[in-house]
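Structure record follows, encoded as structure tokens.
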Amino acid sequence: MTGSASVNSFYLQTCFSFFLLMLVPHSLRADGNFTVEAASSKIDATVSADSLQLTDAQLQRWVQKAADAVVAYYGRYAVPHLTLQIRSFDGKGVRGGQTFSRHGGFIRIAVGTQTGEDDLNSDWMLTHEMVHLTFPNMQDEHHWIEEGIATYVEPVARIQAGQFSAQRMWFELVRDMPKGLPESGDAGLDHTHTWGRTYWGGALFCFLADVEIRKQTQNKKGLQDALRAILNAGGDMRYDWPIEKALQTGDRAVGGEVLLKLYEQMRDRPMQVDLDSLWKQLGVRIENGTAQFNGNAPLAQIREAITAPKPRS
Ligand SMILES: [Zn+2]
């Protein structure tokens, strides 16, 4: 009896669902939900996207990879629970990523109707958004450090997770880092809110700090250790911290004052940086559209250590 009743009700539900699908001709797929686990954290994704070529399984792999990259860099995920909302747009690629501290961590991102799995495999944006969760919420004038960390850490995290190549990252750093240099009239990172100084000026701060921490610690520690310590001290996006508290926490973990001193130099002055000399010392140059490495350069080991995978703890 029970069995037969449940078969009947299954049949009715199936017919009813089919009937509903017929009523929505433009929706090639129903809204989906899935959960991804990252270290001991959970990511609950809702897919409210019409006419995607991608399946939920493909979207789930994309979310898992971005989460894995964060875990590779930080040794853990950023927040215990993330709510992820995936929407669609008419076109190709991934766009419109935004990260918020509400609901314990909330990311909104859009995937194009023409986007295929290859586009997801080369996507950096979801990792960038997830990196935002790993650092405390700053006052508006320090927005550069939030974008700078996301910009600088994202490719390193993907390399450490085996998803991206160091050669490509160095090519892009050499190409893009000059966008972070001060132009005339610059009043320092806290007071110059241009796109270049926010994203790449912030990334320049991270890169200079990384190299300097490694120089001062005989390459035993780097920015990664400082950022892990900030996250482990409870400094994730759900909490408002003064920038000094974050930098001090990072400095203490690596035994020095690199972050605070660099901040003093860059916060309200257009600090000049000789990037060409730095690339030479690190042993990287661009030739025929790719990065070429010189293993005998004085800071070659620091260059290699920046992208080397690091154990979880
Ligand atoms: Zn960002």
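Let me confirm something: among 257, 244, which residue is assigned by TED's automatic domain parsing to the domain that holds residue 149, surrounded by fewer than 15 Cβ atoms within 10 Å (Cβ to Cβ) and under 30 Å from residue 77 (Cα atoms)?
Among 257, 244, only 244 is assigned by TED's automatic domain parsing to the domain that holds residue 149, surrounded by fewer than 15 Cβ atoms within 10 Å (Cβ to Cβ) and under 30 Å from residue 77 (Cα atoms).
Look at residue 164 and say whether it is in the same structural domain as residue 222 (by TED's automatic domain parsing), at pLDDT 95 or above and of a type in the set (Phe, Trp, Tyr). Spell out how you get there, then give the answer.
Working: in the same structural domain as residue 222 (by TED's automatic domain parsing): yes; at pLDDT 95 or above: yes; of a type in the set (Phe, Trp, Tyr): yes.
For residue 164, the condition - in the same structural domain as residue 222 (by TED's automatic domain parsing), at pLDDT 95 or above and of a type in the set (Phe, Trp, Tyr) - is met.
Using beta carbons and a limit of 6 Å, which pairs, at least six apart or on different chains, have the first residue in the stretch 147-172 and touching a residue at least 40 places away in the same chain (Cβ under 8 Å) and under 23 Å from residue 189 (Cβ atoms) and the second one within 16 Å of the ligand (Cβ to nearest atom) and in a loop (DSSP other than H, G, I, E, B)?
Hits for this filter: 149/135; 154/124.
Determine whether the stretch 103-126 contains at least one residue that is of a type in the set (Val, Ile, Thr), modelled with pLDDT of 95 or more and within 23 Å of residue 226 (Cα to Cα).
So far as the stretch 103-126 goes, no, none of its residues is of a type in the set (Val, Ile, Thr), modelled with pLDDT of 95 or more and within 23 Å of residue 226 (Cα to Cα).
Kindly indicate the residue of the stretch 119-160 that is among the hydroxyl-bearing types (Ser, Thr, Tyr) and within 14 Å of the ligand (Cβ to nearest atom) and also nearest to residue 81 (Cα to Cα) among those meeting that condition.
134
The values are calculated or read from the model by the stated rules, or taken from the named source; none is laboratory data. The shown structure was predicted, so the numbers you read here are calculated from the model rather than taken from an experiment. Here Cβ is always computed from backbone atoms with ideal geometry, including for glycine, and neighbour counts include all displayed protein chains.
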